1. May I ask you to list the residues in the range 1-52 that are under 12 Å from Q238 (Cα atoms) and among the small types (G, A, S)?
2. So, in the range 83-108, exactly how many residues are under 17 Å from I160 (Cβ atoms) and in a helix (DSSP H, G or I)?
3. Looking at this structure, is M111 assigned to a helix (DSSP H, G or I), hydrophobic (A, V, I, L, M, F, W, C) and surrounded by 15 or more Cβ atoms within 10 Å (Cβ to Cβ)?
4. Give the residue, chosen from S77, S64, that is polar (S, T, N, Q), under 22 Å from I206 (Cα atoms) and surrounded by 16 or more Cβ atoms within 10 Å (Cβ to Cβ).
5. So if I check each of S30, S16, which one is open to solvent by 60 Å² or more (accessible area, probe 1.4 Å) and either at pLDDT below 85 or not charged (D, E, K, R) (or both)?
6. Report yes if K32 is charged (D, E, K, R) and either assigned to a helix (DSSP H, G or I) or touching a residue at least 24 places away in the same chain (Cβ under 8 Å) (or both), otherwise no.
7. Among Q128, Q122, which is the only one that is among the polar types (S, T, N, Q) and surrounded by 15 or more Cβ atoms within 10 Å (Cβ to Cβ)?
8. Quick one: how many residues across the range 29-50 are in contact with a helix residue (DSSP H, G or I) (Cβ under 9 Å, 6 or more places away or on another chain) and aromatic (F, W, Y)?
Amino acid sequence: MSIRKILAYAAIEISSAIMFIPFLTALFNSLKTVGQFNKYPPELFPDPIKWSNYSEVWELANFSTYTLNSLTVSVLSILGAILSSSMVAYAFARLQFPFRDTLFMIVLGTMMIPGVVTIIPQFIIFKQLGMLDTLMPLWVLEWLGQPFGIFLMRQAFLGIPREYEEAAKIDGCNPFQIYWRVALPMCKPSLATLAIFTFMAKWNEILAPVIYITTREKYTLPVGILSLKGQWTGGNDQYLVAGALISLIPILIVFLIAEKYFVEGARSSGLK
């Protein structure tokens, strides 16, 4: 192995170790007692290790309800993003209709609009529809097609040879059947990439739940964790850290399951 490769691998390992330090620090803090957590100067390692922090914070904050709400929002958002974005993307990639390219550029242009600009109009619309204090505002927009998902899936569909489409037409398939039976199964890497991005965005989302949800039983997990501050913890901020680490587990599981497809999809879509 050349010196250049050795230095490159060494730089990657050092960078990875540096990035892992905050996570390791959070793990140690979540296992401390309140006295150790507030001690100055701070100590890195907990002594004794208090594993009960995790079970206590789960019971204190009703995490089972918050987790179920977050899972509901995330799963519905993933289904909506995959179906709506892929259908719109297939139309932009394969179908011929007037102003197709112009409309696609308009869709891409909406990605430059800051999300905060649309908060008030969306709030008014959801209020008129009677959706406030429900989970619907947190996932229903994903069923209307999102610009990033449309761009990602369009790139995937453009990479499919047209011979598959022509063969399906010969067999009597209409455009929707070609999309559903031929094109969509061939884009699993991009679908996995879109699913992971959507899951991470919705699982960690804080602003929208704070705006639309007022009933505590309908909180998502990030808002539930924030509500611990000064309410049930009584200054035991190690519970906040333990709750934050608990919320990372589903993200790690989803990423590990779909890692292969995620990397392949990122490569094929030009993101890597």
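The values are calculated or read from the model by the stated rules, or taken from the named source; none is laboratory data. If you're wondering where the values come from, they're calculated on a predicted model, not measured in any experiment. Note that we place each Cβ from the backbone using ideal geometry, even for glycine, and neighbour counts take in every protein chain shown. In case anyone asks, the SASA skips ligands and DNA or RNA and just uses the protein heavy atoms, side chains included. Shrake-Rupley method; radii C 1.70, N 1.55, O 1.52, S 1.80 Å.
1. Residues satisfying the conditions are A26, S30, G35, S52.
2. Taking the range 83-108 as the starting set, the residues that turn out to be under 17 Å from I160 (Cβ atoms) are 85-96.
Filter once more, keeping what is in a helix (DSSP H, G or I): 85-94.
Residues meeting the conditions: 10.
3. On the way: assigned to a helix (DSSP H, G or I): yes; hydrophobic (A, V, I, L, M, F, W, C): yes; surrounded by 15 or more Cβ atoms within 10 Å (Cβ to Cβ): no.
Considered against the rule, which asks whether it is assigned to a helix (DSSP H, G or I), hydrophobic (A, V, I, L, M, F, W, C) and surrounded by 15 or more Cβ atoms within 10 Å (Cβ to Cβ), M111 comes out as no.
4. On the way: S64 fails: surrounded by 16 or more Cβ atoms within 10 Å (Cβ to Cβ).
Of S77, S64, the one residue that is polar (S, T, N, Q), under 22 Å from I206 (Cα atoms) and surrounded by 16 or more Cβ atoms within 10 Å (Cβ to Cβ) is S77.
5. Numbers: S30 fails: open to solvent by 60 Å² or more (accessible area, probe 1.4 Å).
Just a single option satisfies the conditions, and that option is S16.
6. Details: charged (D, E, K, R): yes; either assigned to a helix (DSSP H, G or I) or touching a residue at least 24 places away in the same chain (Cβ under 8 Å) (or both): yes.
Yes.
7. Details: Q128 fails: surrounded by 15 or more Cβ atoms within 10 Å (Cβ to Cβ).
One residue alone meets the criteria, Q122.
8. So the count comes out to 2.
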